[in-house]
Structures are given as structure tokens and as C-alpha cells.
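The values are calculated or read from the model by the stated rules, or taken from the named source; none is laboratory data. Just so it is clear, the model here is predicted, and its values are computed rather than measured. Here Cβ is always computed from backbone atoms with ideal geometry, including for glycine, and neighbour counts include all displayed protein chains.
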Amino acid sequence: MVARGGRQRFGPGCFGGEQTGPSPTDRRKNGSKHHVITDANGLPLAAILTGANRHDVTQLLPLVQAIPPISGQRGRPRRRPDRVQGDRAYHSNPHRDALVQLGIEPVLAYRGVEHGSGLGVFRWVVERTLSWLHQFRRLRVRYERRADIHEAFMTLGCIIICWRILQNAFC
């Protein structure tokens, strides 16, 4: 912080705040990472914000647990999907075992195996949802210091995506 004119201001280039970390791809500048879990149509079910230096596999179980109950039919609402599909970043035997204990079939690509697992046929849905989320300028570049404000904008972005998908479904 720099003292200027009787008040304190942050120096130049001080983006950051909570839940940021050095990005491994952008010269170790502070950044954030959006983790999103979707249904088969690309409808975002849950989203989590972490620092850019956090590995994807650490957020697999919190994403699954963040899915809200899905109501609409009689009986107890569903809280878990039948299966989870993911790329190589989510491969971990302890996490596979945890998903099996929750009654979820893990369809995760293995590390060290040549490409061609076939998951790319389904993975594009999540990548498309992430690109829709990053069409909002506030989410593409993080300007907020406080993580709760950025998470609120991320929630608003997910709401707008859901609204657009549902609007197109009934037209």
C-alpha cells in the first residue's frame, strides 16, 4: 500500500485478493480459476472459485457435494448424478474410490494413457459452458478483490446461462 494525499491506495497492478494464487501459465501473476459441473446439456449445476495454483482434482468432491437437490418428481429429490465424466486432471484413485462410495460411477481419463479415451466427445459440453461463463467481462478478468463479490458475479452468470437455455427450450 502506498500513502498518497492523506489516504492509502493500492499500488499499480494489485489485482488479487482472496482465493487467488500464482498462475502456472501466466508468468505467475495472481489469478483465479472457475470450476463448473454441468448436466449433459451444459446447464451449470454448481460452480466453485479457487486460486489459479490449485489443482483441479482437489475440487472434484466439493463440486459434487455442491450440487443442490433437484426436485420435480415425487419422493426425495436427487442430490447426486449417476456418473461423473472428467479429463485427465481429475484422475486420482482416492477420488475415484470416494465417488464409488457416494454411488457415482467415475468416468475419468487415466494419466499416462494415450489420447483416444473418447471423453472428448462429452467434455466439450463443459468447455462450452465455461466459454459462455467467460463471455461476461467481469468473469473473464477478475477485477474484484473480495472473493464473495466475484462468486456472486459467477452465480449471476450461471443464472443467466440457465435462463437462456430454458428460454431456448420452450421456444
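Under 6 Å by Cβ, and 6 or more places apart or on different chains, what pairs join a residue from segment 78-95 that is over 17 Å from ALA46 (Cβ atoms) with one that is assigned to a strand (DSSP E or B)?
Between residues of segment 78-95 that are over 17 Å from ALA46 (Cβ atoms) and residues that are assigned to a strand (DSSP E or B), the close pairs are HIS91/LEU108.
Identify all residues within segment 66-111 that are surrounded by 13 or more Cβ atoms within 10 Å (Cβ to Cβ) and assigned to a loop (DSSP other than H, G, I, E, B); write none if there are none.
Result: ALA66, ILE67, ARG80, PRO81, ASP87, HIS91, SER92, LEU102, ILE104, ALA109.
Got a sec? Which helices (runs of 4 or more DSSP H) wholly within segment 119-171 have at least 3 residues that are of a type in the set (Gly, Ala, Ser)?
Details: elements: 120-133, 137-140, 147-169.
Answer list for segment 119-171: 147-169.
Could you tell me whether any residue of segment 125-132 is over 20 Å from ALA66 (Cβ atoms) and not small (Gly, Ala, Ser)? Working first, answer last.
Pass one, segment 125-132, residues over 20 Å from ALA66 (Cβ atoms): 128, 131.
Going one step further and asking which of them are not small (Gly, Ala, Ser), we end up with 128.
Taking every residue of segment 125-132 in turn, at least one turns out to be over 20 Å from ALA66 (Cβ atoms) and not small (Gly, Ala, Ser).
As an exercise: evaluate ARG76 against (1) out of contact with any Leu (no Cβ under 8 Å at 6 or more places or on another chain); (2) at pLDDT 90 or above and give the number of the one condition it does not meet.
Tallying (1) out of contact with any Leu (no Cβ under 8 Å at 6 or more places or on another chain); (2) at pLDDT 90 or above, ARG76 fails exactly one: (2).
Contact list please: Cβ distance under 6 Å, first residue in segment 148-170 and farther than 18 Å from GLY51 by Cβ, second residue part of a helix (DSSP H, G or I) and not small (Gly, Ala, Ser), pairs at least six apart or on different chains.
Listed pairs, sorted by first residue: GLY157/LEU133; GLY157/LEU139; ILE161/TRP132.
Looking only at residues that are under 28 Å from GLY31 (Cα atoms) and among the polar types (S, T, N, Q) in segment 103-146, which one is modelled with the lowest pLDDT?
By that ranking, first place goes to THR129.
Taking THR20, is it closer than 23 Å to ASP148 by Cα, of a type in the set (Val, Ile, Thr) and at pLDDT 85 or above?
Spelling it out, it is not the case that THR20 is closer than 23 Å to ASP148 by Cα, of a type in the set (Val, Ile, Thr) and at pLDDT 85 or above.
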